[in-house]
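Here the structure comes first, spelled out in C-alpha cells, and everything after it is commentary.
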Amino acid sequence: MDSSTLESQIRSDNFVTYESPYTLYSMAISSHRQIAVGSFIEEYANRVDILTFDEQTLTLKPNPNLSFDHPYPPTKLMFHPNPGDILASSGDFLRLYTLRENSTQPISVLNNSKSSDFCAPLTSFDWNQLEPRRIGTSSIDTTCTIWDVEKGVVETQLIAHDKEVHDIAWGEAGVFASVSADGSVRVFDLRDKEHSTIIYESPQPDTPLLRLAWNKQDLRYMATILMDSNKIVILDIRSPTLPVAELERHKGSVNAIAWAPVSCQHICSGGDDSQALIWELPTVAGPNGIDPMSMYTAGAEINQVQWSAAMPDWIGIAFANKMQLLKV
Amino acid sequence: MAAMDNYNLRRKLAMAVKSIQWSYAIFWSISSTQPGVLTWCDGYYNGDIKTRKTIQAEEIDDGDDDDDMGLQRTEQLRQLYETLLVASESHHYEPQPRRPLAALSPEDLTDNEWYFLVCMTFEFSNGQGLPGRTLAKNTTSWLCNAHLADSKVFMRSLLAKTVVCFPYLEGIVELGMAEKVLEDQNIIKQVKALIFNVPPQTVLKVPLENCSNMLDHHDIVYNNLESMIEYDQNQEQSWQFVDDDDEEGETSFHHNNSTGSSDCMSQNIASGHGDVWSDDDDRYQGVLLRIFKNTQSLILGPRFRHCDLKGTAFVSWKYYDHGMVSNGSCSQMILKKVLYKVPKMHENRLAWSRVENENLDQTSELDDDDVKNINHRFSVLSSLVPSRGKVDKVSLLDDTIEYLKTLERKVESLQSNNKSHDERESMCDNYRKKRKASCDPKDLQKERISDCITVSAIERDVTVEIRCRWRDNIMVQVLDAMSSLNMESHSVHSSTVDGMLTLTIESKLKSSTTSTAKMIRHALQRVIGNRY
C-alpha cells in the first residue's frame with residue numbers, strides 16, 4: 001500500500017467514511033450538514049440515502065426515515081442553495097423532494113415534454129445560486145432546459161449542442177455554460193437565446209467533454225474533463241479556444257472536479273487512479289506543468305467529488321460503495 | 001549604465017558578496033530616463049536556494065562551478081520577476097502557458113529569494129531610502145537590524161538584517177545579509193577592494209582610510225536625517241550618524257530597536273509618508289499583492305501551506321512513477337454509464353412500456369401461423385362434436401363441453417354395467433388413428449346401439465371405419481354416399497359378426513372437392529341412420 005494511503009488512514013481524525021450497501025455515484029451536501037448519496041444500481045430500483053454529519057464526533061449518521069426510493073440511478077443530486085432542505089435529482093425527470101423532520105416528501109416531477117409523458121433523459125442539472133428558482137437541466141436530446149421550479153414551468157428550452165449535453169453550470173443569474181459529446185463548451189446568455197459562445201473545443205474533434213465546473217469565486221474560470229483523459233482543462237472565458245492550463249498529474253482518467261467554495265485558486269479532482277488531488281493554480285505555470293498541492297488516496301476509483309460552500313473545510317468523495325468526507 | 005558590461009558587473013558583485021559570505025548584492029543605477037532616481041540595474045544572489053525537495057545552503061565556494069550556479073540562479077530570478085511583471089501588467093495572475101516561461105515559479109523560492117525578487121521592484125529618488133540617502137550623502141551606510149528599521153529609513157524591512165550601501169560608479173552598491181552583522185570596516189574594505197579593483201571610469205572618490213573613523217556609537221543620539229525623515233515614534237530608535245563630509249564621509253545608521261515589529265510586510269505597506277513614499281508603497285503593495293494574492297496561506301488559512309498539512313486528510317503531493325493506471329475500456333466506467341447507459345435505461349423503459357401498450361391491442365391478431373393452426377384444430381374439433389348448427393367458435397366450444405359431459409355420463413353408466421359386453425365392442429371405442437379425428441367413442445348403449453363412424457383424413461387420403469347393425473344394401477348406400485362426396489374408394493374391408501357390420505373403407509378425395517371429415521361423417525350418419 002502506498003505510504004500516503006497508510007498515513008491518511010491512520011489519521012482517522014481528519015476523515016469519516018460512510019459505507020453503503022450499494023455502489024454510490026451522486027452526492028450532495030446541504031447547509032444543514034446533511035448529505036444525500038445516490039446509489040448506482042443498473043436497474044430500476046435505486047435509493048437515495050440521507051446522512052447527518054457530526055463534526056464533533058466525526059460521524060455520519062444515516063436517517064432511514066428520510067431515505068427514499070429513486071427510479072434508476074440519479075445522475076446528479078443537489079440541495080437548494082438556500083435554505084437547503086429541498087433536494088433535487090436528475091434522471092428520467094427533474095424531481096424535487098422536501099426533507100422534513102421524519103420523512104422526505106416528493107414535491108414535484110418536472111417533465112419538459114408537452115407531447116408525451118416521457119422526458120428525454122437528463123444527464124445533469126445545476127441550481128442557480130443567485131436565482132434559486134432557476135434550475136438548468138442538460139439532456140441527451142441535445143437540449144438544455146431552464147426551469148422555474150417555483151412555478152414548475154419551463155422558462156426556456158434551448159438546443160444547446162449538436163450531440164448529447166453532458167453537464168451544465170450556471171455562472172450568473174442568467175448565464176450558463178454546457179459541455180457536450182460534441183466536444184465543445186458553450187456559454188449561453190438568457191438575454192440572447194439565439195446565440196451561444198463556444199469557448200473551448202476538444203483538441204481531437206469529437207472527444208466528448210463529460211463534466212463542467214464553473215469557478216464561483218472567479219467567474220472567469222471554468223474547468224472541464226474529457227473522455228478517457230487524465231487532463232483537467234482550465235478555461236478562461238476571456239481567452240476562448242486556448243485553455244489557460246491543463247492539469248495532468250492524474251495517473252488515470254479524471255471522473256470529477258470541484259472548485260473550492262471559498263478560494264478562487266483551488267480545485268479538487270478525483271480519478272480512476274483512486275486519487276483526489278487539490279490543485280492550486282499558480283501565478284505562473286512552470287515549464288513542466290502544474291503539480292498538485294496535495295493528494296489523498298482512496299481505496300478505489302473516485303467517481304464523485306463535492307466541495308460545498310456549506311462545509312468548505314470538507315471535501316466529499318465517492319468511490320465504490322463508500323462516501324468519505326475529507327478534512328481539507 | 002547601458003554601456004556597462006552587465007556581466008562583468010555581476011561578476012564583481014558576485015565576488016564581493018561571496019568573499020564576505022553575505023546573501024546578496026545589488027547595484028542600483030541612476031535611471032537614464034528619470035534623472036536622480038535609482039533603479040535596479042543588476043544583482044547577485046548568494047543565498048539559500050530551494051529546490052523542490054530540499055533546502056540547501058549554498059556552499060560558499062569561489063570555484064567557477066558555484067559561481068556559474070549563482071549567476072544562473074540570479075538570472076532565473078530576474079526572469080521570474082519579468083514574468084511576474086508581464087503578468088501583472090496584463091492583469092493576469094493565472095498561468096499563461098503560451099508565454100515563454102520562467103524557469104522558476106514562485107513556489108520554488110526561498111524567503112531570501114523572495115526578498116531579492118521584491119527588491120527588483122524598487123526605485124529610489126535621491127535621498128529616499130537607504131540607497132537614496134547613500135547617494136545623496138555619497139557615503140557608505142551600514143544598517144544593522146534593518147528588518148526592524150522604520151520604513152522611512154529602510155523600506156524593505158522584510159528579511160535582511162544587515163545592509164550596507166556605498167556609492168559606485170553612477171549608482172549605489174548594496175550588500176545584504178539575513179543575519180545581524182555588526183559594523184566591520186574590514187568587511188567594507190574587502191568588498192570595496194573587490195569591486196573597485198578595476199579602476200572605474202567615473203570616480204566618486206571614497207577615501208577608504210576614513211573607514212577607521214567609523215565607530216559604533218550606540219549612545220550618541222545624533223541624527224541629521226531628522227530634517228528629512230520622520231520616523232515612527234512608537235519605535236525606540238537611535239540613530240548614529242557620523243558625517244565627516246558630504247563628499248567624503250562614512251555614514252553609519254545604527255538602528256537599535258527594542259520593540260520588534262511583528263508584521264514587517266504590513267508595516268511597510270501601511271506606512272506611507274508623502275506622495276513619493278506612498279507611490280513606492282503602493283508599488284510595493286501592488287507587487288506583494290500580485291505575488292501573494294490568493295495564496296493559500298492568505299485565503300485558506302495556514303494549514304494550506306505546503307509543508308503544513310496537519311489536521312487534513314491530504315498529504316503533500318509527490319511524484320511517483322507508477323505509470324498510468326490504464327484500465328482501458330474501464331476508464332471512467334461509472335461516469336460513462338451515468339452519461340450513456342442510464343439514459344438508455346430510461347429509453348428502454350419507454351420502449352418497453354410502448355410494447356406493452358401495443359400488446360394489449362395485438363392480442364386478437366396473432367401470428368399468421370398460429371391463426372392457421374388454431375383454426376385447423378377448431379375444424380377438427382367440429383368434425384368430432386355433434387353440432388347444433390351454429391358454426392362459430394364459441395358455439396363449437398359450448399357443443400364440445402356439452403358433448404364431453406354426455407360422454408362422461410355414458411362412461412359412468414357403462415362402467416357400472418358393462419360385464420355382459422363383448423370385449424370387442426369396447427375395443428372399437430379406441431382411438432386408433434394417430435393425429436386425426438378420432439371418432440365418436442363410446443357408442444354403445446345396449447338398447448339403442450348407436451353407430452360408430454370414424455373418419456380420418458390425412459391430406460386427401462380418407463379412411464372411414466363404420467361399425468353398425470347390418471342390413472341389406474347398407475354397403476351400397478355407404479359407397480354411394482361416399483362417391484357423392486367425390487370420394488374414390490379403393491379398398492373396402494367388411495365383416496359381419498352377430499349382425500354387426502364392420503366396414504373399413506380407404507378412399508381418396510378427388511381434387512375438386514372441399515369435403516371435410518365432418519361433412520363425410522354427417523353424410524354417412526344419415527345413410528346408416530336411415531333406418532331409424
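Within 10 Å of each residue's Cβ, count the other Cβ atoms and sort A:301, B:402, B:506 from fewest upward. Walk me through the intermediate numbers first.
Working: A:301 25, B:402 13, B:506 16.
By the 10 Å Cβ count, ascending: B:402, B:506, A:301.
Evaluate the charge dipole of the stretch A:3-327 about its Cα centre and quote only its size in Debye, nearest 20, assuming +1 on the Cβ of each Lys and Arg and -1 on the Cβ of each Asp and Glu.
Charge dipole of the stretch A:3-327: 460 debye, to the nearest 20.
So what are the ³J(HN,Hα) numbers for the stretch A:251-258, from phi and the Karplus equation (6.51, -1.76, 1.60; θ = phi - 60°), rounded to whole Hz, Gly and Pro as x?
So the Karplus estimates, Gly and Pro as x, are 8, x, 5, 8, 10, 7, 9, 8 Hz.
In the neighborhood of residue A:128, defined by Cβ-to-Cβ distances under 13 Å, what is the net charge if each Lys or Arg adds +1 and each Asp or Glu adds -1?
After counting each charged neighbour, the total is -3.
I need the P(r) histogram for the stretch A:224-284: all alpha carbon pairs, bin width 10 Å from 0 out to the longest distance, whole percents.
The percentages, shortest bin first, are 23, 54, 23, 1.
Average partner chain C-beta neighbours within 10 Å, per residue of A:293-299? Mind showing how you got there, number by number?
Values: counts 9, 11, 6, 5, 2, 0, 0.
Partner-chain Cβ atoms within 10 Å, mean over residues of A:293-299: 5.
By counting other Cβ atoms within 10 Å of each Cβ, how are B:32, B:331 ranked from fewest to most?
B:32, B:331
In whole Hz and in residue order, list the ³J(HN,Hα) couplings for the stretch A:48-56 that follow from phi through the Karplus curve 6.51 cos²θ - 1.76 cosθ + 1.60, θ = phi - 60°; x for Gly and Pro.
Here the 3J(HN,Hα) series is 10, 9, 10, 10, 10, 9, 10, 6, 5 Hz.
Provide the per-residue ³J(HN,Hα) series for the stretch B:31-40, in order, calculated from phi with Karplus coefficients 6.51, -1.76, 1.60 and θ = phi - 60°, each as a whole number of Hz, with x at glycine and proline positions.
Once θ is set to phi - 60°, the couplings for the stretch B:31-40 become 4, 6, 8, 10, x, x, 9, 8, 10, 4 Hz.
Can you give me the long-range amide H partners of residue B:24? Hydrogens built in the peptide plane at 1.01 Å from N, cutoff under 5 Å, separation of 5 or more residues or another chain.
B:46, B:176
D for the stretch A:3-327, whole µm²/s, Stokes-Einstein with Kirkwood Rh over alpha-carbon pairs at 4 °C and 1.567 mPa s: what number?
The diffusion coefficient I find is 65 µm²/s.
What fraction of the Cα pairs in the stretch A:11-147, stated in percent, has a spacing above 17 angstrom?
Cα-Cα pairs of the stretch A:11-147 separated by over 17 Å account for 59 percent.
Arranged by the count of other C-beta atoms within 10 angstrom, fewest first, what order do B:42, A:69 take?
A:69, B:42
Coordinate-derived values only; no laboratory data. Values in this document were obtained by computation on a predicted structure and should not be read as measured data. Counting neighbours? That spans all protein chains shown, and the Cβs are built from the backbone with ideal geometry, glycine included.
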